[in-house]
Ligand SMILES: [Zn+2]
């Protein structure tokens, strides 16, 4: 520990922040509850709550049942004191969500809008955001910013793109988007954002591997609720692990990458690009889909097992394809357990909770996290 002693301002901020965070995890709380839980004096809690109420971050939401004497005021976080926008930029779409401070999705849309590294495109994204905000009918001054998730590897400061082949944006920067968006903008990697969403609100899980099965395969490794970025921000690029020496050619140019065997496209190519249709036909027992699925599972299970061996934590299947795997999780767990040297069962494996716009939500949640840190 540093020997630096907190000055009164720092101490005040620390208390205020602790009070807000405690309340964030509670539906409602009384001054007494907070004082007790945080081991703070009643005057300290009262003073901080007054300040949080003035900033409209905390509101009174009723009275607790009396246990004799005066009824205690019930207080709660004001989830509509702030909003964050999240964008999921893909090769052919721009998904947009608006979330409130609690992480609840207020509104979402998915626009067909193909990526192009030119002014017309970025101007168009700015217009889509503007139209979306208009439809949300909220106080614009409460918008914290826009989190933009890209299928790309970012630089260490996360203001530029160091590697991108899914979209033509190598060397691109945040400024291209920010020029046409009148709110603070931040960039995220798409799979990291989706993984972040999965851990949001989880009290007991702090480490997880998220395997994103989209048209390209990515992922994230989250340790102590923080994304493990790696030295070059390439941590969690599971799509390019080699599972078949000399195997199928990956879009990255190498042979035998996970992506060439486990991308959602392997499934949806048989149904004109529709993953919904693939799983519908699979459920009906259609022969071609059945065969494709069985082969797909062979490779997927190898990948899952490798991830479990590496990290020894829960593995979550996400992305377009992962979101449809709930009905098959028992099969998947069984196959994963059979392949594993140590596991009695495959209960470490599960399907993502957020089936809708997890990536865009995660990009927006980063702004909420920053905001909470700043309280
Ligand atoms: Zn590859």
At q = 0.14, 0.15 1/Å the base-10 log of I(q)/I(0) from the Debye formula over the alpha-carbon atoms of the chain is -1.20, -1.30
Bridge orientation stat for the range 81-195 from DSSP, antiparallel percent rounded to 5, came to 65 percent
In nanometres, the difference between 0.36 nm per residue of separation and the alpha-carbon distance of residue 13 and residue 298 is 97.3 nm
For the chain, the longest principal axis of the Cα atoms and the Cα long axis of helix 329-339 enclose an angle in degrees, to the nearest 10, of 70 degrees
Rounded to the nearest 10, the angle in degrees between the Cα long axis of helix 358-374 and the longest principal axis of the Cα atoms of the chain comes to 30 degrees
With Cα coordinates, the longest principal axis of the chain makes an angle with the long axis of helix 119-136, in degrees rounded to 10, of 50 degrees
Ranked by GNM mean-square fluctuation in the chain (Cα springs under 10 Å), the top entry among 19, 227, 148 is 19
Quarter of the surface of the C-alpha convex hull for the range 302-344, i.e. direction-averaged projected area in nm², equals 3.1 nm²
Note on the chain, DSSP bridge orientation, antiparallel percent to nearest 5 equals 65 percent
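Given a Förster distance of 56 angstrom, what is the FRET efficiency for residue 27 paired with residue 170, based on the Cβ-Cβ distance and rounded to 0.05?
That pair, residue 27 with residue 170, gives E of 0.75.
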Note on the range 201-351, DSSP bridge orientation, antiparallel percent to nearest 5 equals 55 percent
One finds the C-alpha centres of the range 5-54 and the range 200-234 to be spaced, in Å, by 31 Å
Taking only Cα atoms of the range 19-143, the Rg to Rh ratio with Kirkwood Rh works out at 1.18
With 0.36 nm assigned to each residue of separation and the Cα-Cα distance removed, residue 269 to residue 338 gains 22.0 nm
Binned at 5 Å from zero, the C-alpha pair distances of the range 81-195 give percents of 2, 12, 24, 27, 19, 11, 4, 0
Expected sort for 99-105, 262-268, 119-125 on mean C-beta neighbours within 10 Å, highest first, is 262-268, 99-105, 119-125
Across the alpha-carbon set of the range 320-372, Rg over Rh with Rh taken as the Kirkwood radius works out to 1.18
For the range 128-167, the Debye formula with one identical point scatterer on each Cα and no solvent gives log10 I(q)/I(0) at q = 0.26 Å⁻¹ as -0.85
On the formula 1/(1 + (r/R0)^6), with r taken between the Cβ atoms of residue 306 and residue 71 and R0 of 41 Å, the FRET efficiency rounded to 0.05 is 0.10
Under the 7 Å Cα-to-Cβ spin-label approximation, residue 136 and residue 46 lie apart by a distance in nanometres of 3.8 nm
D (µm²/s, integer) via Stokes-Einstein for the range 41-103, Kirkwood Rh across alpha-carbon pairs, 4 °C, 1.567 mPa s: value 89 µm²/s
In whole percent, the Cα-Cα distances of the range 75-121 spread across 5 Å bins from 0 upward as 5, 20, 21, 17, 12, 10, 8, 3, 2, 1
Expressed to one decimal in nm², the mean projection of the alpha carbon convex hull of the range 8-77 is 4.6 nm²
Checking rank on 273-285, 205-217, with mean other Cβ inside 10 Å and highest first, the result is 205-217, 273-285
Projected onto their principal axes, the Cα atoms of the range 201-351 stretch, largest extent first, over whole-Å spans of 43, 35, 31
Against the 2.2 N^0.38 Å rule of thumb, the C-alpha Rg of the range 141-251 sits at a ratio of 1.16
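FYI, it's all coordinate maths here, none of it is from the lab. Just so it is clear, the structure is predicted and the values come from calculations on it, not from any experiment. Cβ coordinates were reconstructed from backbone atoms using ideal geometry, including for glycine residues, and neighbour counts include every protein chain displayed.
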